[in-house]
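These notes are about the structure you will find just below.
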Amino acid sequence: MMFRAPRFWGEPAGLLAVGLSPLAAAYSAVAARRMGAPAPRAELPTIVVGGLTLGGDGKTPLVLALVELLTEMGERPATLCRGYGGARGAAPLVVDPARRAAREVGDEALLHAAKTLTIVGADRAASARLAKAKGATALVLDDGLHSGALAPDLALLVVDADYGAGNGLCPPAGPVRAPLAAQLARADAIVVVGQGDPQLDPPFEALTLRARLAPDPAIARRLARASVYGFAGVGRPEKFRRTIEETGARLCGFREFPDHHSYCARELSALRRAAQAAGAQLVTTEKDAVRIGDAADVRSLKVRLLFERENTVRALLQRRLGCGVRKICA
C-alpha cells in the first residue's frame, strides 16, 4: 500500500484531527478488538515485531537485527511477512530474491530473504508450519504485533525516538496503528530507535531497549564529501535525509515519495535529470532500491540497527525463547 502520512499527524491535535476523531474512534475499536483476539501458538519460539505507527518507526531494521542475533546464537530463524498483492492471500510462499520482484512479495520480504529463510502469506500459522518443515528453529514476524496472527513468546514494539506516537490518535486522525494503551499492554518491551525521549501517554512501565540506525560504514565513507541527490519512498523520508547528512555528503536535493512507492520510468528519468543538473550521485534507501531493481547509477545507502546494550537483548532472547536457543541448551 502506497501511503504518505499527513503532516498534521505529527503535530498536537488540531481542528482537523478533532473533526476526524469519530472515524478514528471506529478504527480504534476494530484495531483493539483484533489485538485482543485469541491467537494460535506456533511449534517454534516466536518473536512478533510491530511499529507503534503506520510506518517509519524502524520495524524492518529491527527484524533484520534480531535475525542476525538469533543466527549468532545458533538458531536458524525464519522471517514471516504478510506480503503484497496475490502473495498476501495465497498459500505460504518461500521468497527467492533471485526470482521474485517487490511488486509480487513486498520490499521488506526481499530484504529479509537476502538474510534468512523468508515466507510470505496471510495465514501466519500455515507459514510457521512451512518454516518448521524447511528447518527453521525460531520465527520472527515482521508486522505481527497488531494482527494477533500468532501468539508470541516475545512481543516487541518499535518507537521512533523523535516522532513517538505523533498526535496520539488512530487513523484517519493520527498515525497510531491501534490504541496506545492496547499496544503497550501487548508488548513485552519497547525498542526506542534514536536519541530522543518519546513522550507516551500512558507511559510504558516495562523494559525499554535503546537502539540507533547507522549507515553502512563502507558506503558512508564513499559518500563523505560527495555531492548527493537523495530520494526515498518510506514511512518517514526525513529520517533517511538525516542519515545521508550524517555520512558527511553534500546534499544537493531530496525528493519524498509515498511509502512503498512503485517508481515509473518517468519519475526515474526526472530524478536522473535533477541529479545530473546538480552534478550529484543518486542515493536512495535499501527498500527503495529493491523496488527499482537494477540501476547502476542509483546507490543504495544501507542502514543497520545497533542496540545500545546488545547483551541485554541477548539475555532477553535467551530468557523468553528458552530451549529454542540451542547454544544455551547444549
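The values are calculated or read from the model by the stated rules, or taken from the named source; none is laboratory data. Small disclaimer: the values here were computed from a predicted structure and weren't measured. Cβ placement follows ideal geometry from the backbone for every residue including glycine, while neighbour counts extend to all protein chains displayed.
Some notes on this structure:
- Selected residue (only one of Leu200, Leu209 is more than 16 Å from the chain's Cα centre (by Cα), in a strand (DSSP E or B) and closer than 30 Å to Ala37 by Cα): Leu209
- Of all residues in region 1-20 being surrounded by fewer than 17 Cβ atoms within 10 Å (Cβ to Cβ) and small (Gly, Ala, Ser), the one that is modelled with the lowest pLDDT: Gly14
- Scanning region 101-149 for residues being of a type outside the set (A, V, I, L, M, F, W, C), surrounded by 19 or more Cβ atoms within 10 Å (Cβ to Cβ) and assigned by TED's automatic domain parsing to the domain that holds Leu317 gives a total of 5.
- Selected residue [on the phi < 0 side of the Ramachandran plot and surrounded by 19 or more Cβ atoms within 10 Å (Cβ to Cβ)] from Thr60, Thr71: Thr60
- Of the set (1) surrounded by 24 or more Cβ atoms within 10 Å (Cβ to Cβ); (2) in contact with a helix residue (DSSP H, G or I) (Cβ under 9 Å, 6 or more places away or on another chain); (3) charged (D, E, K, R), all apply to Glu43 but (1).
- Arg225 vs. criteria of a type outside the set (Gly, Ala, Ser), assigned to a loop (DSSP other than H, G, I, E, B) and outside the structural domain of Gly58 (by TED's automatic domain parsing): yes
- Residues that are more than 25 Å from Gly58 (Cβ to Cβ) and touching a strand residue (DSSP E or B) at 6+ places or on another chain (Cβ under 9 Å) are absent from region 309-330.
- Counted as qualifying within region 231-316 are the strands (runs of 3 or more DSSP E) with 3 or more residues that are among the aliphatic types (A, V, I, L, M), within 19 Å of Ile219 (Cα to Cα) and touching a residue at least 40 places away in the same chain (Cβ under 8 Å), namely 303-307.
- Residue count, region 83-97 (criterion: among the aliphatic types (A, V, I, L, M), outside any strand (DSSP E or B) and either buried (at least 18 other Cβ atoms within 10 Å of the Cβ) or modelled with pLDDT of 85 or more (or both)): 3
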